[in-house]
Structures are given as C-alpha cells and as structure tokens.
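Structure first, commentary second.
The values are calculated or read from the model by the stated rules, or taken from the named source; none is laboratory data. Computed from a predicted model, the values in this text were never measured in an experiment. Here Cβ is always computed from backbone atoms with ideal geometry, including for glycine, and neighbour counts include all displayed protein chains.
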Amino acid sequence: MITAGYSPVEPYYHGNNMGRWTDVYAVGTSLRTCMEGCTPPPAIDRHQEDQLILAMIELKNRYPSFLLKAVDWSMSIDPTKRPQDVGELLNALARQAAGLPQSRFTDLPQSQRPRDTV
C-alpha cells in the first residue's frame, strides 16, 4: 500500500525489498508532518529529484538538532542509509535525550494527570 508523502520509494518499484526500514521512513515523515504542518513530497518525486530541504536546515530554530537529524536520517531515500528498524531509531533518540531535563509530569498530583484512554 502506498500513501503519498508517507511511503518510501521501495513500494513504488515492483519487486523492491521492503522491511522494517520501510516503516522507519513513515515514522520520519509523520514526525516531519507534525513539526512542519504539511505532508512531505512523495518519495517517488524525491527519488527522481530531491528538492526537500533537510529538516536540519528548514526547522533548525524550532526543534533540537538531534531530533531533526533523526527525522532526516529516517527519511533518507536510500533504504540502506535509514535506521534499519524502529529500535535503532529509538536508541539513537534515547542516547541524545538522556541529557535533557526530565518532564515534570510525574510531579503533578494524580488528580491533575490525564487519564489513560486505553
């Protein structure tokens, strides 16, 4: 199944190998969509002539650089240059986030915390 803007280049070509790295592309494009407020161009267009400005450049003053690097890494057109699975991406993010201030969410009284919807 192809979803323009969220699917990597692999499903556009018959017989191309797809795997966990394919899902990582969708994670990267979903993050970028949330950050930028618009869907990235379809991967098939980027494969022919990539005019997408890297998140590290386009959004550099709005988000931490480690997060922008992760988005760009996840959205690489070449599947061998992406994280090979979500675990690899999460590990990279966790290493970078380790030094950031922790959320104060746990300091809220239980009555002020959002309820689980699951």
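Here are a few things to note about the model shown:
- Among the residues making up the stretch 41-50, a single one is closer than 16 Å to Tyr25 by Cβ, part of a loop (DSSP other than H, G, I, E, B) and modelled with pLDDT under 95: Asp50.
- Pairs with Cβ under 9 Å, 6+ apart, first in the stretch 34-51 and closer than 13 Å to Pro8 by Cα, second assigned to a loop (DSSP other than H, G, I, E, B) and acidic (Asp, Glu): Pro41/Asp50
- Some residue of the stretch 63-78 being over 14 Å from the mean Cα position of the chain (by Cα) and without any contact (Cβ under 8 Å) to a residue 60 or more places away in the chain: yes
- Answer from Leu100, Leu89 - the residue that is in contact with a helix residue (DSSP H, G or I) (Cβ under 8 Å, 6 or more places away or on another chain) and either assigned to a loop (DSSP other than H, G, I, E, B) or surrounded by 12 or more Cβ atoms within 10 Å (Cβ to Cβ) (or both): Leu89
- Taking the stretch 1-40 as the range and being among the small types (Gly, Ala, Ser) and not in a loop (DSSP other than H, G, I, E, B) as the test, the residues that pass are Ala26, Gly28, Ser30.
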